[in-house]
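Contents: one structure, followed by commentary.
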Amino acid sequence: MVRTGDSGSIPGAAIASSRLDDLLIEAVFSVGAHLGAVYVLDPGDELLNMAASVGVPAATARVWARLRTSDPAPVALAVRERRLLWLGDRVAMARAFPAAALALPYHFGLAAVPLCADGAAWGGLVLGWPTGGESELPRRLRDVIDDVGARMGHLLQQAHARGQPVAPHPLPRVLDPIRAHPPGPYAGLTAISCLSSLPEGYCHLDGHGQVTLVTAAAAELLACRPSELLGRRFCKALPWLDDPVHEDGYLSAIMSHRPTAFTARRPDGRLLTFHCYPSLPGVTLRITPAGDPGPAVEDTGDRTGVAGLHDLLQLATALARATTAQDVVALVADRVLPACEAQAMAILTWDSGRMRVVAARGYGAEALESFNGRPVGHVVHERHDGDEAAPAFYGSEDELRAAHPDIRPTGGMSAWTMLPLVALGRSIGTCLLAWDRPHEFGVEERALLSAIGGLVTQAFERAWLYDHKHQLAQSLQSSLLPKDLPVFPGLEVAARYVPLTPGMDIGGDFYDLIRLDDCLAAAVIGDVQGHDMTAAALMGQARTAIRAHAAAGTSPGEVLARANRLLTAQTPERFTSCLYVAFDLRRRVAFLASAGHLPPVLGLPGGPAEIIDPSSGLLLGIDPDADYVTTTVNVPPGATLALYTDGLVEVPGGDLNDGIAALAARFAPAPGHSLDDLADDLIAAAGEERRTDDSALLLLRSAAPL
């Protein structure tokens, strides 16, 4: 039995944990896998914690030790959807999980299965094989996995029922299956004796990358003593090997379970070749002077893919921050094109069944014009495999014509990759990469490009939804604000609305100007709590209620009282501040009532501005019996009354009263200054970088006497 540690101080939990280890090793050996990991689902059904792994390097296990069930990872999806997931090779991994494919750029197939008991998921199991590109997992292997998975699920369920659940350690256990079959007492001496008799050097690294065996010849080639290596991580013991390119050489052998090789230069300039042979667990290194060919293995020593991987990880990070479709387009053009060494790129989207060029690099105007208006069916519906989400690779003009006889290549390009863009499960466009000469797409490059396509698709989908929601928000916002304000003789009007950011949130600020008769205007400004669809709906209700009660000819205080009763009944959990002003243009008198709104500012011609402080009542929507007092203010000819929301005067960390005073101080317009110019100046003075909320502004200027 494999015993690598317990699970806390509860004996029953330790037994269950040890039994789980045994089942994991059984699963790996029973199906011929070379790596495996078992995850335990936490009680909140949100986190998967890796309990143990076999054949997975410790550093890799730490990276994947904790996953959310919502994460785009194979085991998370398997647990989330309660189904076995099979990815036959790197291309399949790259298409379905591009971020995981970039983080694990090795050749292996993968199966992920939920660990269920009585219809509930208790964890997940991951198994990996040297890739063969199989489209389906053989039935025999599936039956074995189902059996072991069911036993694991039952074990986890029973441990939980006993109050002794398997609790993973902070770091997942890396199991050594060899300990399940103890060798003879002299096996180690025999092995080191055999290896030392060979002219080349040998080292063995365990699953943690630590040196467990080193021959004298290996130590001589590495220019160190065996004692300096044993028990230490290989690359840390030899700083000149502490490089991601070299580390990737033996990690690739472990993860893909295929021999690999790389070349490294000692500090004295001597070149050494490292042949990596995977085992369970760890890897054996055969070290020779450079030039000794040794057995044929996959050479990773001068692989550009590692540098490309770094670039693509940077791309993944940048794409995760991309907000709009234009952000995604810029990143693809600036980073993907050089990384793929392609000569041209075009982002195409579909508009009423026709192509539309969103952005392009490397293509001339004539080529781009040939894309615009081309039927989408040529590149989507005529796919022979019928899979709209699959990347397409055409290494020559003949390959392109064979797949799409109606397409005529343009722009002098001779090879192409089409990376689909998908949103909400449907094709919305494609990212076209092109090379100016025929190009052979190997398995590695197809996987890499598929991963790029997956990253771009995910980012473009987010951006596409963001842009569409933003357009919806803007459309809804504009529909809830008055398009045109009524014209009154003797009254100048200017209004502005500025959202907090150009994002998805819908502001709750509103304003309105209502004609009561030719000489009586009602001005309204308000601020609904929140920035969402509910706030927008409440804003519409508030405007409608105030308009209806204002038309009845009631006083400002009564208008707010009636609107308050309606809003309290309909949306009791949301509140609204509001200022209502009835402006008698003939008498040049304003009647004000406030429901917790900011005080208006009255700018007098040739004098300082005044802050009008009407008696304020409760916010609308709190108390249906609240009363609102009407205040009378004289507005002489040439005076300007400013109604505004808090986004215009709030400063992070500042006092609101200071912000209102600053607004009043800026309120003395120069002679001949128009009301529109004044509105622009006040909005600009607020400063976009200091804005903490939406801003609405309504200016009313009394003209000469009627």
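Every read-out reported here was derived from the displayed coordinates using simple, explicitly stated rules and does not represent laboratory data. Keep in mind the model is a prediction, meaning the values are calculated, not measured. Virtual Cβ from ideal backbone geometry, glycine too; neighbours counted across all protein chains shown.
Results, tabulated for the structure shown:
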item	result
Estimated D of the stretch 563-665 in µm² per second, where Rh is the Kirkwood radius over Cα pairs and Stokes-Einstein applies at 37 °C, 0.692 mPa s	221
Cα-centre dipole for the stretch 224-264 with unit charges at Cβ (Lys and Arg positive, Asp and Glu negative), debye to 20	180
Centroid-to-centroid separation of the stretch 316-357 and the stretch 612-639 [C-alpha atoms, Å]	53
Cα-based shape type of the stretch 14-139, given that a ≥ b ≥ c are square roots of the gyration tensor eigenvalues and the cut on a/c is 1.5	rounded
Restricting the stretch 569-635 to trypsin sites (Lys or Arg not before Pro) in coil, as DSSP defines it, with at most 14 other Cβ within 10 Å	R586, R587
Sorted peptide list for 202-210, 558-566, criterion being average Cβ within 10 angstrom, highest first	558-566, 202-210
Counted charge near T640, where neighbours are those whose Cβ lies closer than 15 Å (Asp, Glu -1; Lys, Arg +1)	-2
